[in-house]
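Laboratory data are not the source of any read-out in this text; all were calculated from the coordinates shown. These figures come from a predicted structure and were not determined experimentally. Every residue, glycine among them, receives a Cβ derived from its backbone with ideal geometry; neighbour counts consider all protein chains shown.
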Amino acid sequence: MKVKEMRELQIEELKARIDETRKQIVEMRFQLAVRKLENPAKLRTARKTLAKLLTIQTEKQVTA
């Protein structure tokens, strides 16, 4: 999902995406620990996506 698309989401949708991304990160960390994660770069991408979502959420809360 691109940043432009993220900015168009409502606050409730952002919170849902944030929760979903956090769950994915936890799952990927577990898979990485037991050596079953095929592509460790996905973890980095998920963390960056989470950071973007949290930044956009903060921006929306400040302006609202």
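Worth a mention:
Table: residues versus (1) of a type outside the set (S, T, N, Q); (2) in contact (Cβ under 8 Å) with a residue 60 or more places away in the chain; (3) in a loop (DSSP other than H, G, I, E, B).
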{"residue": "M1", "(1), (2), (3)": "yes, no, yes"}
{"residue": "E5", "(1), (2), (3)": "yes, no, no"}
{"residue": "A16", "(1), (2), (3)": "yes, no, no"}
{"residue": "D19", "(1), (2), (3)": "yes, no, no"}
{"residue": "M28", "(1), (2), (3)": "yes, no, no"}
{"residue": "N39", "(1), (2), (3)": "no, no, yes"}
{"residue": "R44", "(1), (2), (3)": "yes, no, no"}
{"residue": "R47", "(1), (2), (3)": "yes, no, no"}
{"residue": "K52", "(1), (2), (3)": "yes, no, no"}
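- Taking the criterion of being of a type in the set (K, R) and either over 12 Å from the mean Cα position of the chain (by Cα) or under 17 Å from Q61 (Cα atoms) (or both), the residues of region 3-48 that qualify are K4, R7, K15, R17, R29, R35, K36.
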